[in-house]
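Colleague: Attaching a single structure in structure tokens format; questions to follow.
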Amino acid sequence: MTSTADAPRSPGRPRSVRADEAIIEATLDLLAEGSTIEALSIEAIAARAGVGKATIYRRWAGKDALLLDALRRLKGVLPQPTGHSVRDDLVLLVGAIGKNVDPRAAKIMPCLVPAVNRSPDQFQLYQNIISPRRQLMREVLRRGIDEGVIRADIDVEVTMALLTGPMLIQRVLQWNPDLDEQTLPERVVDAVLEGIQVR
């Protein structure tokens, strides 16, 4: 399942950036207002965006491709590790987990969980969104191993789960309102590093 929004276009009338924005915004608005992924339709998106269905299909192969682009927009730009410090790069990546500048994310992201659990297609959509972020963390951990900062015998995948889980449960579910979200990324990273760093 890949997005076709950035696919090369044949010569002709240029695509309207305004229409692209309206379609993405309409998709996110409908999800934020309570539409489930299953119930969300191209017809409803087109009506909200003020475009025809054909306009959407010229840009995206179908609903899943459009959702992928819309949810990527919601997640924002991937954080870019500097490569200077494994700890600092992990704090940067952990701090980005569950953090979205778009206020609609607080309404949309928790609603994805049931859809992901019910539908193999939505599970794959979710994986397509988070896989690049997971790969960045994997690369930082492997760099730490190569640099002799992190033990070579760690399970990288389990370590990523240990780093990710606390931020997700706190930011998505507000598990403990007494935790300071500003300092939590550093505290999580330091706690995990305590167990995996070379001594």
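Colleague: Would you list which lysines come within 30 Å of Lys53, measuring only between C-alpha atoms, while excluding same-chain residues fewer than 8 positions from it?
Modeller: The reachable lysines, counting only those whose Cα sits under 30 Å from Lys53, are Lys63, Lys75, Lys107.
Colleague: Taking the Cβ-Cβ separation of Ala54 and Val156 as r and a Förster radius of 35 Å, what is the calculated FRET efficiency to the nearest 0.05?
Modeller: E between Ala54 and Val156, to the nearest 0.05, is 0.15.
Colleague: Extending each Cα 7 Å along its Cβ direction at Ala39 and Arg143, get the distance between those two points in nm, one decimal.
Modeller: 4.4 nm
Colleague: Let me ask you something else. For segment 88-133 and segment 150-195, compute the distance between their C-alpha centroids and round to whole Å.
Modeller: 16 Å
Colleague: To test your reading of the geometry: what angle, between 0 and 90 degrees and rounded to tens, separates the Cα axis of helix 105-118 from the longest principal axis of the chain?
Modeller: It is inclined by approximately 90 degrees.
Colleague: Under a 5 Å amide H to amide H cut-off, with H placed in plane at 1.01 Å, what residues pair with Gln197 once short-range neighbours are removed?
Modeller: So Gln197 has HN proximity to Arg151.
Colleague: Going by alpha carbons, how many degrees (0 to 90, nearest 10) lie between the helix axis of 86-96 and the longest principal axis of the chain?
Modeller: Tilt of helix 86-96: around 40 degrees.
Colleague: Here is a follow-up. Describe numerically, in nm with one decimal, the distance between label points set 7 Å from Cα along Cα→Cβ at Ala106 and at Arg199.
Modeller: 4.2 nm
Colleague: Using only the alpha-carbon atoms, how far is helix 184-196 inclined from the longest principal axis of the chain? Give it as 0 to 90 degrees, nearest 10.
Modeller: Long axis of 184-196 versus the principal axis of the chain: about 50 degrees.
Colleague: Another question, then. What does the charge count around Ala46 come to, taking other residues whose C-beta lies under 12 Å from its C-beta (Lys +1, Arg +1, Asp -1, Glu -1)? Before the final figure, lay out each step's value.
Modeller: Working: positive: Arg48, Lys53, Arg58, Arg59, Lys63; negative: Glu43.
Spelling it out: positives minus negatives among the neighbours equals +4.
Colleague: Okay, next question. Please work out which option in [x] -0.60, -1.12, -1.19; [y] -0.49, -1.15, -1.27; [z] -0.52, -1.28, -1.43 gives log10 I(q)/I(0) by the Debye sum over Cα atoms at q = 0.11, 0.17, 0.18 Å⁻¹ calculated from these coordinates, and answer with its label.
Modeller: [x]
Where a number appears in this text, it was derived from the coordinates with a stated rule and is not lab data. What you see is a predicted model; the values in this text were computed from it and never measured. FYI the Cβ positions are ideal-geometry reconstructions off the backbone, even for glycines, and counts take in every protein chain you see.
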